[in-house]
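Working notes for the structure below.
Coordinate-derived values only; no laboratory data. Treat the numbers as computed from the prediction; the structure is a model and nothing was measured. Cβ sites come from the backbone with ideal geometry, for glycine too, and all protein chains shown count toward neighbours.
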Amino acid sequence: MAARLTVHDPRGYPPKVIGKRLAPRPESLDGKLVYLVDCLFDNSENFMHELEDWFGKNLPQVRTRLIQPRQSWVDDADMRAQVAREGDGAILGVGL
């Protein structure tokens with residue numbers, strides 16, 4: 001007779017998720033400032049530099065600015081406020 005096994009689900013209990021609308025999309029990025037946010041994951045800084053180079057070669061009329069939070073996994077309210085105040089958009093880089 002086979003022994004019984006107890007299996008625990010490592011996913012836990014999912015949080016309740018409430019959907020939100022996406023931010024409005026600008027008609028063009030020409031002359032706009034797009035923040036490239038390095039979220040401090042492994043290799044995300046390299047990826048953000050590659051993305052910055054891509055914008056420079058393919059969309060030179062778009063200004064980019066690299067930015068990092070103070071530390072990984074912790075909300076940086078000052079950084080978010082700066083991006084909201086000065087930027088027209090943001091791309092979050094979470095690594096490879």
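So here's what we get for this one:
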read-out	value
Pairwise FRET efficiency - ASN58 versus GLU86, Cβ, R0 = 30 Å, nearest 0.05	0.85
Cα-based shape type of the stretch 33-93, given that a ≥ b ≥ c are square roots of the gyration tensor eigenvalues and the cut on a/c is 1.5	oblate
C-alpha long axis of helix 44-58 to longest principal axis of the chain, angle in °	40 degrees
Rounded to 10°, Cα long-axis angle of helix 77-86 versus longest principal axis of the chain	40 degrees
Sum of -39500 (n - 2.57) over DSSP H runs of 4+, divided by residues of the chain (222 nm, nearest 500)	-8000 deg cm²/dmol
Listed peptides 3-15, 29-41 by packing density, highest first (mean Cβ within 10 Å)	29-41, 3-15
Amide proton proximity set for LEU66, modelled H, under 5 Å, gap of 5+	LEU36
